[in-house]
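Read through the structure below, which is laid out as structure tokens, and then see the notes.
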Amino acid sequence: MPELVASKHFQIRAAKVRDLTSLAEILADSFHSRTGTNGWIYPLLRLGIYEDLRNRLESSSPRYLCFVAVEPITIRPTDCDYLAGTVEMALRSAHPWPLMNLPQYPYISNLAVRTECRRRGVAKQLLLSCERIALGWGFHYIYLHVLENNHQARRLYFKLGYRLHQVDSSWTSLLLGQPRRLLLRKHLTVD
């Protein structure tokens with residue numbers, strides 16, 4: 001189990017089943033709009049996120065983790081943890097079908113920060129925690145995707161040393177003008 005990482009603002013720890021409701025809300029708010037018709041389906045989207053995340057948390061894969069950033073109790077005294085953000089990391093293969101003996105790499109996904117906690121270093125702390133674990137797993141590179149129009153996230157990733165590795169084009173980006181997904185990579189070094 002990954003160790004806890006403390007800072008003056010947030011504590012980073014492994015997600016627990018009791019966190020699922022808050023995590024689903026943070027992820028749904030970060031990746032789905034509540035305006036227009038999305039407002040009607042938002043509860044279903046949140047439920048889908050909850051169930052997907054529950055399945056991943058309960059899978060007990062040795063090379064999967066979900067971290068949460070928790071505000072210390074001194075800042076917000078309540079009976080339960082106040083989750084400020086989350087991130088997941090798992091091993092992924094470059095090939096879309098699971099074939100044996102293909103090289104794998106650590107891949108970061110679902111980095112999300114509660115709206116009122118943004119611009120306070122939560123995402124950076126979550127990313128650095130993933131990087132430490134990836135090094136512990138014996139990897140020297142880590143990967144993540146970002147949409148080309150997500151300028152704030154791209155700025156953060158580039159500031160932390162992530163660089164463009166590949167541009168993923170899909171039919172939605174070509175035909176519908178949707179933003180392309182950029183695969184970023186960072187070389188990890190032991191400090």
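The values are calculated or read from the model by the stated rules, or taken from the named source; none is laboratory data. Keep in mind it's a predicted model, so treat the numbers as computed, not measured. Neighbour counts run over all protein chains shown; Cβ positions are idealised from the backbone, glycine included. Heavy atoms of the whole protein, side chains included, go into the accessibility calculation; ligands, DNA and RNA do not. Shrake-Rupley method; radii C 1.70, N 1.55, O 1.52, S 1.80 Å.
Descriptive notes on the structure:
- Any hit, the range 98-112, residues being under 21 Å from residue 71 (Cα atoms) and either part of a helix (DSSP H, G or I) or aliphatic (A, V, I, L, M) (or both): yes
- Residues (without any contact (Cβ under 8 Å) to a residue 60 or more places away in the chain and closer than 18 Å to residue 11 by Cα) located in the range 86-116: 87, 88, 89, 111, 116
- The strands (runs of 3 or more DSSP E) located wholly in the range 141-191 that include 3 or more residues which are touching an Asp or Glu at 6+ places or on another chain (Cβ under 9 Å) and open to solvent by less than 90 Å² (accessible area, probe 1.4 Å) occupy 181-187.
- Count of the range 16-31 residues which are surrounded by fewer than 16 Cβ atoms within 10 Å (Cβ to Cβ) and not aromatic (Phe, Trp, Tyr): 4
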